[in-house]
């Protein structure tokens with residue numbers, strides 16, 4: 001039983017690390033150990049590593065690590081693309097070598113040998129489409145069309161020129177420092193795709209996330225049916241109850257069945273756990289990006305709105321504080337008044353509590369249906385956009 005506890009602890013630790021690394025910055029985890037673990041995994045560990053390298057190898061060692069960081073994070077490179085292909089290829093290879101011998105089985109027909117390959121192939125195709133498609137590069141030839149397609153809201157977007165490309169900067173666009181280009185309706189730069197996610201390829205990115213979520217769910221269920229089929233074919237329940245005298249109940253049989261599965265099919269169980277965890281993480285990403293698309297906003301705009309609201313709050317608090325100070329000074333210069341009771345002063349509202357912050361006003365949100373159509377059929381691919389460009 002000790003092995004079972006070790007595997008369970010290992011799985012929980014892996015899940016905690018993955019959730020902390022990928023989701024630790026979410027507001028729901030603010031002020032929790034998951035947020036602190038996220039900081040350690042993303043920044044703290046690297047800082048300690050740099051200090052260790054600097055102490056042991058000096059400035060040359062630190063500069064060497066920083067040059068690797070520049071190559072991996074500050075310029076386009078295929079490292080994560082190769083890693084993705086290795087993960088999906090290696091996972092499918094282990095599934096084929098460990099489980100295809102049991103297909104066809106009691107619950108699965110032989111067709112799953114081919115549908116699984118087709119599902120993986122479609123996933124790789126969507127990966128290639130997202131990686132190598134144009135995200136919506138803004139250049140001299142199409143900048144005027146993008147300027148008319150996305151008007152300025154004069155809140156988070158105002159008329160200005162891109163200091164790098166030296167062209168007018170359309171609303172909702174951003175100059176990607178990694179790709180060194182302006183991208184229309186910029187969402188984020190995806191290292192896994194080695195490409196920006198923008199106006200023209202957001203649809204491929206969403207399809208990639210959704211398909212890989214379904215692919216992981218399909219793999220988890222298929223492996224579960226393989227194991228259930230082996231239990232049925234080998235009559236494990238019958239042997240445990242008849243020959244070993246174990247009570248025919250879930251509570252009595254479960255530990256013995258799990259022990260038998262871990263001893264005989266540990267590879268399939270590890271693959272199931274891996275696919276299940278990845279599917280949960282992908283479900284979170286899909287929900288986040290689907291909500292952005294339905295609201296017709298982007299990851300980049302979410303951060304811009306947050307910065308704008310924080311700036312407004314600080315400005316309002318400063319004005320309220322200045323007004324309160326002015327009122328206090330004028331009160332001191334006037335005739336002495338009877339001091340208020342401490343109880344009344346305690347329950348008196350602070351002027352800062354009356355600060356009002358103007359909420360988010362997204363002028364690009366035109367309803368779920370229109371927003372979804374804008375993702376599936378980008379503005380730059382429509383006839384009206386192309387006619388403007390030809391004129």
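From the residues in region 196-241 that are more than 27 Å from residue 268 (Cα to Cα) and out of contact with any helix residue (DSSP H, G or I) (no Cβ under 7 Å at 6 or more places or on another chain), which one is surrounded by the most Cβ atoms within 10 Å (Cβ to Cβ)? Walk me through it before giving the result.
So the first thing to find is which residues in region 196-241 are more than 27 Å from residue 268 (Cα to Cα), and the list is 196-207.
Filter again for out of contact with any helix residue (DSSP H, G or I) (no Cβ under 7 Å at 6 or more places or on another chain), leaving 196, 198.
Values: 196: 26, 198: 32.
Ranking the qualifying residues of region 196-241, first place goes to 198.
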Does residue 213 satisfy the criteria of being in the same structural domain as residue 118 (by TED's automatic domain parsing), closer than 30 Å to residue 293 by Cβ, modelled with pLDDT of 85 or more and in contact with a strand residue (DSSP E or B) (Cβ under 7 Å, 6 or more places away or on another chain)? no
Please determine whether any residue of region 327-349 is modelled with pLDDT under 85 and either buried (at least 17 other Cβ atoms within 10 Å of the Cβ) or touching a strand residue (DSSP E or B) at 6+ places or on another chain (Cβ under 8 Å) (or both). no
If a residue must be surrounded by fewer than 24 Cβ atoms within 10 Å (Cβ to Cβ), in a loop (DSSP other than H, G, I, E, B) and touching a residue at least 12 places away in the same chain (Cβ under 8 Å), how many such residues does region 166-185 contain? 7
Lone unmet requirement of (1) within 30 Å of residue 218 (Cα to Cα); (2) in contact with a helix residue (DSSP H, G or I) (Cβ under 9 Å, 6 or more places away or on another chain); (3) at pLDDT 90 or above for residue 145: (1)
The residue that is nearest to residue 273 (Cα to Cα), considering only those in region 70-103 that are in contact with a helix residue (DSSP H, G or I) (Cβ under 8 Å, 6 or more places away or on another chain) and not in a helix (DSSP H, G or I), is 103
Six or more apart or on different chains, Cβ atoms under 9 Å: show the pairs whose first residue is in region 296-319 and without any contact (Cβ under 8 Å) to a residue 60 or more places away in the chain and not assigned by TED's automatic domain parsing to the domain that holds residue 363 and whose second is assigned to a helix (DSSP H, G or I) and surrounded by fewer than 16 Cβ atoms within 10 Å (Cβ to Cβ). 316/352; 317/352
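The values are calculated or read from the model by the stated rules, or taken from the named source; none is laboratory data. Remember, predicted model here, so these are calculated numbers, not experimental data. Backbone-built Cβ (ideal geometry, glycine too); neighbour counts: all protein chains shown.
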